[in-house]
1. Can you spot a residue in region 74-86 that is touching a residue at least 40 places away in the same chain (Cβ under 8 Å), touching a helix residue (DSSP H, G or I) at 6+ places or on another chain (Cβ under 6 Å) and over 17 Å from residue 110 (Cβ atoms)?
2. Only one residue in 91, 64 is in contact (Cβ under 8 Å) with a residue 24 or more places away in the chain and under 29 Å from residue 12 (Cα atoms), so which one is that?
């Protein structure tokens, strides 16, 4: 009988799709920010602040943050499940990484919406 192993998503296919979708979102966000630098002759603090004050950029930044966190959560789970054999150590490390990602999420939201 096969033991059920908890994954970051519902199953392996779901994790696969989440990782690929999050990678696409991250590439799109990177291209958007790179495009900003390409079309801006010189980036000043005021221009940078007005860029991130735009609602579309705020939403895109939050989407990229969520995509990055999903990508990291699944990646850390896969690495830990492959290389850490002790169940207690693996669970402890997963908990630490999950709390760290949650802190990143909170500070990311606070940073984006404070502009």
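Each reported figure results from applying straightforward, stated rules to the coordinates on display, with no laboratory input. Here the structure is a predicted model, which means the values were calculated and not measured. Neighbour counts are summed over all protein chains in view; Cβ atoms, including those assigned to glycine, are modelled from backbone coordinates with ideal geometry.
1. yes
2. From the options 91, 64, the qualifying one is 64.
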